[in-house]
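Student: Got a structure for you, written out below as structure tokens; questions coming shortly.
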Amino acid sequence: MAVPIDRPGKIVCVGLNYRDHAAETGQQAPERPMLFAKWTTALIGPGDAIRIPPISQKIDWEGELGVLIGRGGRGITVEDALEHVSGYLCVNDVTARDLQRTDGQFSRAKSLDTFCPVSAPVPAGAVGDPQALRIRCLVNGEVMQDAPTADMMFPVAELISFVSEAITLEPGDLLATGTPPGVGEGRDPQVFLRPGDEVTVEIDGVGTLTNPVR
């Protein structure tokens, strides 16, 4: 299936934006938003397969609220930030945990081909408050993640403002706002995706994103 958004100039991601997710991975919650990037070649659409590469054995899911920038800018204030949003969507920030830990940074582990499934965006006006949503991630029908977006340490408006202090945001840019607890790496025993699995990200009022694993 075709990717349901135009290819963004940037995919800006936020790490450890839910305190309980930081705790489950044994990391300290950050004092300010922790940013990293995914390459646009990772993008796929609903129904497209997440492909497990031969270089990794620990592929994890991360259901997230995605924010599509409609009006660009730099130095955007928190008060004006949501006026720059054109829509919201479901994002799965698929991650190769073994590469992430050995590389010491996130770019390769987060940007492998097919590692950024996205749903079609819903207009911002139809969603309302992005901090009043609930996000879930299911693997083979079993709920793995389930949390309110109100649990974000840094809300969407603050994230947009923080990013734009240093990086000009442009129309079409995609912001992935971080994942709640329940990832495979944080479980005991750990659980990782295998061929034949199916991953679904659901966000109330935004939609559903389902992808098979191959």
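The values are calculated or read from the model by the stated rules, or taken from the named source; none is laboratory data. In this text, all values refer to a predicted model and were calculated from it rather than measured experimentally. Every residue, glycine as well, gets a Cβ built from its backbone with ideal geometry; the counts of neighbours run over all protein chains shown. Note: areas computed on protein heavy atoms with side chains; ligands, DNA, RNA excluded. Shrake-Rupley method; radii C 1.70, N 1.55, O 1.52, S 1.80 Å.
Student: Enumerate the calculated ³J(HN,Hα) couplings along the range 105-118 in order (Karplus 6.51 cos²θ - 1.76 cosθ + 1.60, θ = phi - 60°), each rounded to whole Hz, writing x wherever the residue is Gly or Pro.
Tutor: After applying 6.51 cos²θ - 1.76 cosθ + 1.60, I find 8, 9, 4, 5, 5, 9, 10, 4, 3, 6, 8, 9, x, 9 Hz.
Student: Any chance you could get the radius of gyration and Dmax over the Cα atoms of the range 116-214, in Å?
Tutor: 15.0, 43
Student: Between Rg and the Kirkwood Rh of the range 31-78, both from Cα atoms, what is the Rg to Rh ratio? Walk me through the numbers before you get to the answer.
Tutor: Values: Rg = 15.4 Å, Rh = 14.9 Å.
With Rg and the Kirkwood Rh in hand, the quotient comes to 1.03.
Student: Also: How big is the shadow of the Cα convex hull of the chain, averaged over all directions, in nm²? Intermediate values should be presented prior to the final figure.
Tutor: On the way: hull surface 41.7 nm².
Reported value for the Cα convex hull: 10.4 nm².
Student: Using a Förster distance of 22 Å, how high is the FRET efficiency between residue 204 and residue 158, based on the Cβ-Cβ distance and rounded to 0.05?
Tutor: Between residue 204 and residue 158 the formula returns 0.55.
Student: If DNA, RNA and ligands are ignored and the probe is 1.4 Å, what is the ranking of 25, 95 by accessible area, most exposed first?
Tutor: The ordering from most to least exposed comes out as 25, 95.
Student: Hey, another quick one. Give the long-range amide H neighbours of residue 17: residues separated by 5 or more places, or on another chain, with amide H under 5 Å away, using H modelled in the peptide plane at 1.01 Å from N.
Tutor: 179
Student: So, with a 1.4 angstrom probe, what is the percent of accessible area on the chain that is carbon and sulfur?
Tutor: The C+S portion of the solvent-accessible surface of the chain is 50 percent.
Student: Over the range 78-132, what is the relative contact order in percent, taking alpha-carbon pairs closer than 8 angstrom and at least six residues apart?
Tutor: Here the relative contact order equals 45 percent.
Student: Just the accessible area per residue of the range 1-122, please: how many Å² with a 1.4 Å probe?
Tutor: Accessible area per residue: 43 Å².
Student: I'd like the per residue volume of the convex hull spanned by the Cα atoms of the range 139-185, given in cubic angstrom.
Tutor: Values: hull volume 5.5 nm³, N = 47.
Convex hull volume per residue, Cα atoms: 118 Å³.
Student: On alpha-carbon atoms, Rg over Rh for the range 95-138 using Kirkwood Rh?
Tutor: Looking at the range 95-138, the ratio lands at 1.14.
Student: How compact and how long is the range 7-131, expressed as Rg and Dmax of its alpha-carbon atoms in Å?
Tutor: Rg then Dmax for the range 7-131, in Å: 15.3, 46.
Student: Kindly write out, for the range 87-93 in residue order, the coupling ³J(HN,Hα) from the Karplus curve 6.51 cos²θ - 1.76 cosθ + 1.60 (θ = phi - 60°), rounded to whole Hz, with x marking Gly and Pro.
Tutor: Working through the residues one at a time gives x, 10, 8, 8, 10, 10, 7 Hz.
Student: While we're here: Please list, ordered by chain and number, the residues whose modelled amide H lies under 5 Å from the amide H of residue 197; skip anything fewer than 5 residues away on the same chain.
Tutor: Counting only residues 5 or more places away or on other chains, the set is 213.
Student: Right, another one. Once both axes come from the Cα atoms, what is the angle between helix 156-166 and the longest principal axis of the chain, in degrees from 0 to 90, rounded to 10?
Tutor: Orientation of helix 156-166: about 80 degrees from the principal axis.
Student: Follow-up question, since we're still on this one. Run the numbers on the chain and let me know its relative contact order in percent, using alpha-carbon pairs under 8 Å that are six or more apart. The partial results should precede the final answer.
Tutor: Details: 553 pairs, mean separation 70.7, N = 214.
Once normalised by length, the contact order is 33 percent.
Student: With an 8 Å cut-off on Cα pairs and a minimum separation of 6 or more residues, tell me the relative contact order of the range 54-111 in percent. Display every interim value, and only then the final one.
Tutor: Details: 78 pairs, mean separation 23.7, N = 58.
That works out to 41 percent.
Student: Using the Karplus equation 6.51 cos²θ - 1.76 cosθ + 1.60 (θ = phi - 60°), what ³J(HN,Hα) coupling, rounded to whole Hz, does each residue of the range 175-183 give in order, writing x for Gly and Pro?
Tutor: 10, 9, 8, x, 10, x, x, x, 6
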